[in-house]
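The next block holds one structure in the form of structure tokens; read it before the comments.
The values are calculated or read from the model by the stated rules, or taken from the named source; none is laboratory data. Predicted, not measured: the structure shown is a model, and the values here were computed from it. Heads up, the Cβs are rebuilt from the backbone with ideal geometry, glycines too, and the neighbour counts pull from every protein chain shown. With ligands, DNA and RNA removed, areas are computed over all heavy atoms of the protein, side chains included. Shrake-Rupley method; radii C 1.70, N 1.55, O 1.52, S 1.80 Å.
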Amino acid sequence: MSGRPCPRNLNTLPCGVPGGILSVTGFPSNVLDSRVPPSAALAKLIGASHTVEEIARYIRADSLAYLSLAGLISALAVVGIAMLGVFLTFAVSWALSRTALRGEVSAFSLELPPYRPPRVLQTIYTSIIDRTLFVLWRALTFAVPAGAAIWLSANIHIGGVSIAEHLVNLLNPIGVLVGLNGVILVAYLFAIPANEIVIPTVLMLTVLVTGMSGVGAGAGVMFQMGDADTLALLRAGGWTLLTGINLMLFSLIHNPCSTTLLTIYKETGSRKWAAAAALLPLALGFIVTFFVTQMWRLLGGAG
């Protein structure tokens, strides 16, 4: 692992898409770095800021009983998760350099272009037209079908049960095995176009599955609530402390959104590394949550 992924990792905090772009672009063509595609594939191992925000919200709500320590507990949880992401990035890079990338040189040479005065307006225009608008269009093309799929799955019934509930029941045994539940796994399945909708989708599915009345905005309609109301709803859905811990871990270590994956594929031109970018963190997320769950239950924890 060279120094090149460092700016990529920093730019991954707001969103994974810039991380995928920075893994390839911004350097002249004579850069001799054979690890550009793997660098892009690792873009998701540092969590985005929206994920950290949702983690902080759940932890803050779960620690309301300790009002004087709620803020401190929330802050420590966020910092701990962020540092775990940094550690996992280096750990996976180390493992790849000794397995799939054994013998490849990570050093690169960089030839600086001749100095020229900054072209601020041209740079802004190029960034907006060549990058931002294309990325937004990619996100839109995935978000619209996803929204339709969420609404249809909650409103189309088979045997008196909605498709969403069938999916929850199907995935629930796998979720319980890794300390999560079927609602969370289905929410992440629907949230492939945009990870920001995970928590609203979890709340919608929890209301749908539990049959609670007077909560939410209707079947298939995502919504958000205050911290205390969110905590009460999740507990009604069977959440425990283990569920919250594994939600934090899985939020950090799971597949990137479809826009990020498409960007990685466009930038690297490799289906192999685009698939690796999706499957590597997803497998790692299941392994970590499974290990934490088994240790938790071995030590007698509830959940």
Output the number of residues of the range 195-211 satisfying the condition of being closer than 29 Å to THR260 by Cα and open to solvent by less than 30 Å² (accessible area, probe 1.4 Å).
10
Do any residues in the range 162-186 that are acidic (Asp, Glu) have Cβ atoms under 7 Å from those of residues that are open to solvent by 20 Å² or more (accessible area, probe 1.4 Å), where the two are at least six apart or on different chains, and which pairs are they?
GLU165/LEU208; GLU165/VAL209
One residue is enough: does the range 245-265 have a residue meeting the conditions in contact with a Leu (Cβ under 7 Å, 6 or more places away or on another chain), over 27 Å from LEU101 (Cα atoms), at pLDDT 85 or above and not hydrophobic (A, V, I, L, M, F, W, C)?
yes
If we only count helices (runs of 4 or more DSSP H) wholly inside the range 207-288, which ones have 1 or more residues that are more than 20 Å from LEU180 (Cα to Cα) and either within 20 Å of the chain's Cα centre (by Cα) or among the hydroxyl-bearing types (Ser, Thr, Tyr) (or both)?
258-268
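Looking at the structure I just gave you, is THR259 touching a residue at least 40 places away in the same chain (Cβ under 8 Å), farther than 18 Å from PHE290 by Cβ and among the hydroxyl-bearing types (Ser, Thr, Tyr)?
Yes; evaluated as a whole, the condition is true for this residue.
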I'm trying to understand the selection: among the residues of the range 212-238, which are open to solvent by less than 60 Å² (accessible area, probe 1.4 Å), free of Cβ contacts under 8 Å to residues at least 12 places away in the same chain and closer than 21 Å to HIS166 by Cα?
GLY218
Single residue of the range 147-205 satisfying the filter (within 22 Å of the chain's Cα centre (by Cα), outside any helix (DSSP H, G or I) and among the β-branched types (Val, Ile, Thr)) that is nearest to GLY244 (Cα to Cα)
VAL178
Assuming ALA275 fulfils every condition listed in (1) of a type outside the set (Val, Ile, Thr); (2) surrounded by fewer than 21 Cβ atoms within 10 Å (Cβ to Cβ); (3) closer than 21 Å to GLY147 by Cα apart from one, which condition is it?
(3)
Checking ARG57 against (1) in a loop (DSSP other than H, G, I, E, B); (2) at pLDDT below 65; (3) of a type outside the set (Val, Ile, Thr): exactly one of these is not met. Which one?
(1)
